[in-house]
Amino acid sequence: MEKQEIRTFGRRHGKKLSARKTCLMQNILPKIMPNESVAPDILEIGFGAGEHVRELAIQNPGKFIIGAEPFENGVAALLSAICDENNNIKPEYKNIRIWPDDVRLILNENKFSFAEIWVLHPDPWPKARHEKRRLLSTEFLNILAENLAPNGKIIIGTDHWEYYDWIIDQVKETNLAITDSNIETIQTRYQKKNMAHTDKTKYMILTHK
């Protein structure tokens, strides 16, 4: 199928990669991209440097995890972390698959049934004129719902409270329901930065109505 062009806001390419990371991108990444031979159980969208993806892999050794990240430096950082000095994937990370592009491309072309979908610290695009760039719109939440198992859950976390409230309004126009907001997860580097300067990260769990 011809690849659909989807606009991603932000830089796909950041600082120049090291020789090792370039090697991993060229030789390891193609081997662990999602394919039809694997039925994934968990999806994380926008994994940053991949700390949480790695924790999911360790906590769920019998399940396959897809990490989706369109930005090259994040993908390279995760590859570097899951490979040993000989550029072999460490045993505890054998269940990780990486989608190095906009997640909508793979969701629109496949029918998944994820038990969990994680979206942690998406860009809040706080200025009013940039609101249309926010990822967690009603349209996107409906795409996630179509790829969610009957008893599955979508876990969202953000330290930008206005964005959190905006997401709640988007959920109202979907067939999803907010079922919980009290969860704990590992602290990623984005959470530590706390760019919104709020007291804590707010979470919500969405399930089918």
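Applying the condition of being of a type in the set (Phe, Trp, Tyr) and outside any strand (DSSP E or B) to region 71-121 and asking which residue is most open to solvent (accessible area, probe 1.4 Å) yields 71. On the stretch given as region 19-34, residues that are in contact (Cβ under 8 Å) with a residue 12 or more places away in the chain and either within 28 Å of residue 111 (Cβ to Cβ) or among the charged types (D, E, K, R) (or both) total 7.
Looking at region 73-95, can you tell me whether even one residue there is at pLDDT 95 or above, in contact with a helix residue (DSSP H, G or I) (Cβ under 6 Å, 6 or more places away or on another chain), under 14 Å from residue 34 (Cβ atoms) and aliphatic (A, V, I, L, M)? Looking through region 73-95, none of the residues is at pLDDT 95 or above, in contact with a helix residue (DSSP H, G or I) (Cβ under 6 Å, 6 or more places away or on another chain), under 14 Å from residue 34 (Cβ atoms) and aliphatic (A, V, I, L, M). Using beta carbons and a limit of 9 Å, which pairs, at least six apart or on different chains, have the first residue in region 56-80 and closer than 15 Å to residue 25 by Cα and the second one of a type in the set (Asp, Glu) and part of a loop (DSSP other than H, G, I, E, B)? Sorted first by the residue in region 56-80, then by its partner, the pairs are 68/101; 68/102; 69/101; 70/101; 70/102; 75/69; 78/69. Within region 65-77, does at least one residue satisfy the condition of being closer than 21 Å to residue 176 by Cα and not β-branched (Val, Ile, Thr)? No, because not a single residue in region 65-77 is closer than 21 Å to residue 176 by Cα and not β-branched (Val, Ile, Thr). Selection over region 132-178 of residues that are part of a helix (DSSP H, G or I) and either over 24 Å from residue 106 (Cα atoms) or at pLDDT 95 or above (or both) gives a count of 20. Taking region 122-131 as the range and being part of a loop (DSSP other than H, G, I, E, B) and surrounded by fewer than 19 Cβ atoms within 10 Å (Cβ to Cβ) as the test, the residues that pass are 123, 125, 126, 127.
With respect to (1) closer than 13 Å to residue 98 by Cβ; (2) charged (D, E, K, R); (3) assigned to a loop (DSSP other than H, G, I, E, B), the lone exception for residue 63 is condition (1). Annotation note: of 57, 19, the sole residue that is over 19 Å from the mean Cα position of the chain (by Cα), among the small types (Gly, Ala, Ser) and modelled with pLDDT of 95 or more is 19.
The values are calculated or read from the model by the stated rules, or taken from the named source; none is laboratory data. Values in this document were obtained by computation on a predicted structure and should not be read as measured data. Note that we place each Cβ from the backbone using ideal geometry, even for glycine, and neighbour counts take in every protein chain shown. SASA here: full protein model, heavy atoms, side chains in, ligands and nucleic acids out. Shrake-Rupley method; radii C 1.70, N 1.55, O 1.52, S 1.80 Å.
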